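Here the structure is laid out as structure tokens; the discussion comes afterwards.
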Amino acid sequence: QRPDALPRDLEGVHVVVSAGGTREPLDPVRYLGNRSSGKQGYALARTAVQRGARVTLVSAHTLALPEPAGVDVVKVGTAAELRDAVHKAAGDADVVVMAAAVADFRPTASAEFKIKKTDRDPDPIALTRNADVLAELVSARRRAPASAQVIVGFAAETGDTGADVLSHARAKLARKGCDLLVVNAVGEGKAFEMEDNQGWLLAADGTERPIALGSKAQLATEVWDAVVELRGR
Ligand code: CTP
Ligand code: CA
């Protein structure tokens, strides 16, 4: 879509978007990471600016992506850094979209010096849970009754032997307490590092819309349409 063809329906709205994947250090040269490219978060930020929003993009590790024009970019590395940056930016935000792939766990200790190979078997890596930023945003909003902040989560699901993608996603929406959950079906070459996504947009009121296979810019448009609709209520 041409930028001048987009509605200016986010004028005066401060949106925070997190993007990319966090990296949790094991030592100065190694980390636990994930395959998030950052493309969806960047597309969300770019589209929001084009629709008139003031945008803060909290960017963890991404592929080499051009910085969207007119966006305030805050670069972070670890889940802890992302958490601090998101909470700081979310203080006066009208909308927060958590598109980042945030590590659930970090190595309990990060070695000061490079871990050396020895003749014996390595120790297992001990892990510690990271804070759930999305859940924290929802509870912070609950503590501020006047807040009309819209909170959007993302879920990449493969489905498994216990439940399919949608069942996992419905449970996640209920558990997280956010307003919208963007669900991507992943695995078998879907979503990660690809230009296109496919999935569902689940709303807290039980509304469920399929998102057709399309570009990440199109998905961004559908997410902002849903956010504008929620804000208008
Ligand atoms: N998220 C977050 N902080 C974390 C982990 C996830 O804010 N420590 C956010 C993600 O940015 C995403 C949403 O929560 O918007 C869902 O992430 P996901 O990994 O799918 O959910 P989890 O609750 O971590 O469940 P699981 O990984 O077990 O599927
Ligand atoms: Ca997770």
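The values are calculated or read from the model by the stated rules, or taken from the named source; none is laboratory data. Treat the numbers as computed from the prediction; the structure is a model and nothing was measured. Please note: Cβ atoms are built from the backbone with ideal geometry, for glycine as well, and neighbour counts cover all protein chains shown.
Which ones in the stretch 97-135 are part of a loop (DSSP other than H, G, I, E, B), β-branched (Val, Ile, Thr) and away from ligand 2 (no atom under 14 Å from the Cβ)?
Here is the first cut: in the stretch 97-135, the residues part of a loop (DSSP other than H, G, I, E, B) are 99-100, 102-104, 108-126, 130-132.
Still in the running and β-branched (Val, Ile, Thr): 102, 108, 115, 118, 125.
Once the filter is applied, which keeps residues that are part of a loop (DSSP other than H, G, I, E, B), β-branched (Val, Ile, Thr) and away from ligand 2 (no atom under 14 Å from the Cβ), the stretch 97-135 yields 108, 115, 118, 125.
May I ask you to list pairs of residues, at least six apart or on different chains, whose Cβ atoms are under 9 Å apart, with the first in the stretch 205-233 being surrounded by fewer than 14 Cβ atoms within 10 Å (Cβ to Cβ) and the second being modelled with pLDDT of 90 or more and among the polar types (S, T, N, Q)?
Close Cβ pairs (under 9 Å, with a partner that is modelled with pLDDT of 90 or more and among the polar types (S, T, N, Q)) amount to 212/218.
What number of residues within the stretch 41-84 are assigned to a helix (DSSP H, G or I) and either within 11 Å of the chain's Cα centre (by Cα) or within 20 Å of residue 103 (Cα to Cα) (or both)? Walk me through how you get there before you give the answer.
Of the residues in the stretch 41-84, the ones assigned to a helix (DSSP H, G or I) are 41-50, 79-84.
Narrowing further to those that are either within 11 Å of the chain's Cα centre (by Cα) or within 20 Å of residue 103 (Cα to Cα) (or both): 41-42, 44, 79-84.
Total meeting the criteria: 9.
Among (1) among the β-branched types (Val, Ile, Thr); (2) surrounded by 15 or more Cβ atoms within 10 Å (Cβ to Cβ); (3) more than 16 Å from ligand 2 (Cβ to nearest atom), which single condition is residue 138 missing?
(3)
Could you tell me whether the stretch 20-35 includes any residue that is assigned to a strand (DSSP E or B), in contact with a Leu (Cβ under 6 Å, 6 or more places away or on another chain) and surrounded by 20 or more Cβ atoms within 10 Å (Cβ to Cβ)?
Let us first name the residues in the stretch 20-35 that are assigned to a strand (DSSP E or B), namely 21, 24-27, 30-32.
The next check asks that each one be in contact with a Leu (Cβ under 6 Å, 6 or more places away or on another chain); those that pass are 24.
Add one more test, that the residue is surrounded by 20 or more Cβ atoms within 10 Å (Cβ to Cβ), and what stays is 24.
Yes, because at least one residue in the stretch 20-35 is assigned to a strand (DSSP E or B), in contact with a Leu (Cβ under 6 Å, 6 or more places away or on another chain) and surrounded by 20 or more Cβ atoms within 10 Å (Cβ to Cβ).
Out of all the residues in the stretch 168-197, which are in contact with a Gly (Cβ under 8 Å, 6 or more places away or on another chain), modelled with pLDDT under 95 and farther than 19 Å from residue 104 by Cβ?
If the condition is that a residue be in contact with a Gly (Cβ under 8 Å, 6 or more places away or on another chain), modelled with pLDDT under 95 and farther than 19 Å from residue 104 by Cβ, then 185, 196, 197 are the ones that fit.
Test residue 38 against the criterion of being modelled with pLDDT of 95 or more, more than 16 Å from ligand 2 (Cβ to nearest atom), among the small types (Gly, Ala, Ser) and within 16 Å of the chain's Cα centre (by Cα), and give yes or no.
Details: modelled with pLDDT of 95 or more: yes; more than 16 Å from ligand 2 (Cβ to nearest atom): yes; among the small types (Gly, Ala, Ser): yes; within 16 Å of the chain's Cα centre (by Cα): yes.
Considered against the rule, which asks whether it is modelled with pLDDT of 95 or more, more than 16 Å from ligand 2 (Cβ to nearest atom), among the small types (Gly, Ala, Ser) and within 16 Å of the chain's Cα centre (by Cα), residue 38 comes out as yes.
Is at least one residue of the stretch 157-172 at negative phi, of a type in the set (A, V, I, L, M, F, W, C), within 14 Å of the chain's Cα centre (by Cα) and within 10 Å of ligand 1 (Cβ to nearest atom)? Talk me through it step by step, then tell me what you get.
Of the stretch 157-172, the ones at negative phi are 157-158, 160-172.
Next, only the ones that are of a type in the set (A, V, I, L, M, F, W, C) stay: 163, 165-166, 169, 171.
Those left that are additionally within 14 Å of the chain's Cα centre (by Cα): none.
Scanning the stretch 157-172 turns up no residue that is at negative phi, of a type in the set (A, V, I, L, M, F, W, C), within 14 Å of the chain's Cα centre (by Cα) and within 10 Å of ligand 1 (Cβ to nearest atom).
Would you mind stating whether residue 136 is among the acidic types (Asp, Glu), in contact (Cβ under 8 Å) with a residue 24 or more places away in the chain and within 12 Å of ligand 1 (Cβ to nearest atom)?
Working: among the acidic types (Asp, Glu): yes; in contact (Cβ under 8 Å) with a residue 24 or more places away in the chain: yes; within 12 Å of ligand 1 (Cβ to nearest atom): yes.
In short, yes.
Do the conditions hold for residue 142, that is, is it free of Cβ contacts under 8 Å to residues at least 40 places away in the same chain and either in contact with a helix residue (DSSP H, G or I) (Cβ under 8 Å, 6 or more places away or on another chain) or away from ligand 1 (no atom under 11 Å from the Cβ) (or both)? Walk me through how you get there before you give the answer.
Details: free of Cβ contacts under 8 Å to residues at least 40 places away in the same chain: yes; either in contact with a helix residue (DSSP H, G or I) (Cβ under 8 Å, 6 or more places away or on another chain) or away from ligand 1 (no atom under 11 Å from the Cβ) (or both): yes.
Judged against the criteria, residue 142 is a match.
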